[in-house]
């Protein structure tokens with residue numbers, strides 16, 4: 001079982017408190033209230049009858065379930081709501097403060113969050129103080145965000161003028177928004193009518209946005225699991241090899257890659273995959289003397305040509 | 001099969017919470033099956049110490065009391081461990097439910113759910129699914145850096161640390177001795193602010209540049225932690241967002257939207273080119289080079305020279 005012992009203990013302590021107030025509670029309801037699967041709950045219920053104040057004196061918790069409902073036959077008052085731990089208060093307070101800063105958050109949600117945060121600070125008492133040692137700022141483009149949020153709740157199509165850094169161009173397109181999420185920047189996942197495909201748009205690259213009257217009709221899609229990272233290159237995407245000196249190590253921080261091998265000069269040999277290697281010409285130019293594209297050779301060549309063409313405008317020899 | 005750790009911890013918690021008088025180690029060992037099976041006294045003692053620490057991590061206040069006969073006893077008093085009354089309405093509960101889901105780091109995700117479960121047990125109403133009812137937004141706080149957890153604990157407990165740190169343009173990492181103050185996530189990256197003991201100054205570190213392990217050092221902080229720590233301003237100046245001058249460039253019509261959106265002024269030249277005035281801070285040269293032949297720097301001369309140098313480096317390969 002993947003659950004770690006600390007999390008499970010924490011959960012079981014709360015579970016005992018919760019069950020005392022609800023004789024005959026349904027497995028399904030309790031699992032939902034605790035945000036766990038029914039299997040996880042059942043495994044907790046397997047452990048609880050082994051627990052108590054003494055295994056000899058018959059002071060064990062007499063909790064059992066028939067798989068549908070849960071009964072506690074000897075409830076006692078050991079099960080009082082427990083104070084928050086420092087990490088618990090920090091995790092919830094920092095997250096709540098961060099979410100409250102999102103400019104696109106609905107005002108009623110923000111107010112609810114601020115009220116809840118204030119109550120939580122009071123209830124947490126001094127352990128809440130450590131939460132000031134951690135902070136998170138989300139970035140979000142207010143106006144664009146509000147339009148996307150509205151389009152999602154009203155299920156309407158959007159028209160966008162969107163900037164693509166890979167091509168350095170603005171394109172117009174109609175999209176059916178699916179969801180908004182924030183990982184550092186704020187993004188919209190949408191079904192793009194122009195490319196007939198799922199696309200992710202970074203909101204700070206939306207140059208213009210309009211709500212259309214047409215209803216959004218995205219196809220039924222499995223939502224992407226974002227925990228694996230935003231950019232998930234496909235195995236068949238072409239490989240790009242970049243070698244950077246010490247001054248170009250940041251490439252490994254900004255570009256998801258398959259491998260980054262240390263070089264003897266303090267640099268890195270980075271292997272990454274992208275559906276469109278030409279989009280990395282910007283990177284090759286930006287690196288200047290701090291790195292170079294090893295392959296594909298076409299990409300290295302196109303960066304070289306771009307640099308030569310640019311120098312020509314300065315009347316400077318290459 | 002050995003008794004699972006969660007069962008052992010749960011038993012210890014219930015014993016300590018259930019008792020009105022301090023229980024000695026001997027009594028606890030006699031009441032908890034896993035401790036009887038522990039074998040040697042040494043094994044039991046180590047297990048017991050670790051378990052107490054784990055329960056304290058979960059928020060339990062465990063008191064150590066000397067008995068009249070000199071024996072050490074332990075108990076977790078009900079009144080010091082009780083959650084103060086807190087009443088949350090359904091909207092507030094839903095908002096906290098959304099917030100608890102943002103952590104992508106195991107320890108904090110576990111702690112956030114644990115907090116919600118405690119609140120739930122204390123009577124917090126159940127909302128329908130937070131995403132459905134409330135905003136369409138799904139915020140996520142990414143934590144990919146291995147240094148995060150040890151630094152978070154060091155900030156929490158105010159413990160000095162040492163780690164190897166490679167500056168953006170340094171060939172080799174260098175050991176730093178730091179009194180860690182706060183961690184801040186900005187634009188999806190984590191930064192640490194603290195007191196750098198060797199440099200005798202406040203410094204900001206980017207977690208992804210910490211190589212190897214973060215080690216705790218004994219002893220206390222030597223410098224008082226300031227009330228306000230400014231991580232963002234420092235990072236912004238690295239990113240060149242604190243512009244001090246302006247630059248004049250020519251930009252091909254239709255190209256370079258991000259430059260246009262940051263421009264102070266844009267003037268059409270009519271020959272397929274526009275002239276822009278843009279803020280000039282650290283890093284502008286590298287950014288302008290990305291646009292290749294679509295950008296020509298007019299002034300100042302130092303920026304023009306930097307851009308030409310960078311272009312030459314790419315052109316010569």
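The values are calculated or read from the model by the stated rules, or taken from the named source; none is laboratory data. Keep in mind the model is a prediction, meaning the values are calculated, not measured. Note that each Cβ is placed from the backbone with ideal geometry, even for glycine, and that neighbours are counted across all protein chains shown.
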Legend entry - Residue list for segment A:11-34, filter: facing another protein chain (nearest Cβ under 7 Å) and in contact (Cβ under 8 Å) with a residue 40 or more places away in the chain: A:13, A:14, A:17
Legend entry - Output for segment A:274-289, where each listed residue is at pLDDT below 90 and either at negative phi or more than 8 Å from chain B (Cβ to nearest Cβ) (or both): A:274, A:275, A:276, A:277, A:278, A:279, A:280, A:289
Legend entry - Residue in segment A:170-191 that is over 28 Å from residue A:282 (Cβ atoms), more than 9 Å from chain B (Cβ to nearest Cβ), out of contact with any helix residue (DSSP H, G or I) (no Cβ under 8 Å at 6 or more places or on another chain) and assigned to a strand (DSSP E or B) present: yes
Legend entry - strands (runs of 3 or more DSSP E) wholly inside segment B:179-266 that include at least 2 residues being assigned by TED's automatic domain parsing to the domain that holds residue B:294 and crowded, with 21+ Cβ neighbours inside 10 Å: B:245-252
Legend entry - Filter pass, residue B:302 being at pLDDT 90 or above, more than 13 Å from every other protein chain (Cβ to nearest Cβ), out of contact with any helix residue (DSSP H, G or I) (no Cβ under 6 Å at 6 or more places or on another chain) and within 30 Å of residue B:191 (Cβ to Cβ): yes
Inset, instruction - Sort through A:306, A:216 and tell me the only one that's touching a helix residue (DSSP H, G or I) at 6+ places or on another chain (Cβ under 9 Å) and not assigned by TED's automatic domain parsing to the domain that holds residue A:183. - result: A:306
Inset, instruction - Out of the residues in segment A:40-69 that are in contact (Cβ under 8 Å) with a residue 40 or more places away in the chain and at the interface with chain B (Cβ under 10 Å from one of its Cβ atoms), state the one that is surrounded by the most Cβ atoms within 10 Å (Cβ to Cβ). - result: A:61
Inset, instruction - Might you check whether a residue that is farther than 15 Å from residue A:90 by Cα and either at pLDDT below 90 or not assigned by TED's automatic domain parsing to the domain that holds residue B:179 (or both) occurs anywhere in segment B:99-116? - result: no
Legend entry - Single condition residue B:42 does not satisfy, out of (1) in contact with a strand residue (DSSP E or B) (Cβ under 8 Å, 6 or more places away or on another chain); (2) farther than 25 Å from residue A:34 by Cα: (1)
Inset, instruction - Please find, within segment A:192-230, the residue that is nearest to residue B:142 (Cα to Cα) out of those that are without any contact (Cβ under 8 Å) to a residue 12 or more places away in the chain and more than 9 Å from chain B (Cβ to nearest Cβ). - result: A:228
Legend entry - Residue satisfying all of: in segment B:126-151; in contact with a strand residue (DSSP E or B) (Cβ under 6 Å, 6 or more places away or on another chain), facing chain A (nearest Cβ under 9 Å) and surrounded by 22 or more Cβ atoms within 10 Å (Cβ to Cβ); modelled with the highest pLDDT among these: B:141
Inset, instruction - Return yes when residue A:36 is surrounded by 17 or more Cβ atoms within 10 Å (Cβ to Cβ) and out of contact with any strand residue (DSSP E or B) (no Cβ under 7 Å at 6 or more places or on another chain) and no when it is not. - result: yes
Inset, instruction - Among the numbered conditions (1) touching a residue at least 12 places away in the same chain (Cβ under 8 Å); (2) within 34 Å of the chain's Cα centre (by Cα), tell me where residue A:37 comes up short. - result: (1)
Legend entry - Exclusive hit being within 30 Å of residue B:82 (Cβ to Cβ), modelled with pLDDT of 90 or more and over 25 Å from the mean Cα position of the chain (by Cα), set A:124, A:129: A:124
Legend entry - residue A:168 farther than 30 Å from residue A:81 by Cβ, surrounded by 17 or more Cβ atoms within 10 Å (Cβ to Cβ) and touching a residue at least 60 places away in the same chain (Cβ under 8 Å): yes
Legend entry - Evaluation of residue A:275 against (1) outside the structural domain of residue A:169 (by TED's automatic domain parsing); (2) within 30 Å of residue A:179 (Cβ to Cβ); (3) without any contact (Cβ under 8 Å) to a residue 40 or more places away in the chain (one fails), failing number: (3)
Inset, instruction - May I ask you to say which residue of B:66, B:49, B:37 is on the phi < 0 side of the Ramachandran plot and either within 12 Å of chain A (Cβ to nearest Cβ) or surrounded by 14 or more Cβ atoms within 10 Å (Cβ to Cβ) (or both)? - result: B:37
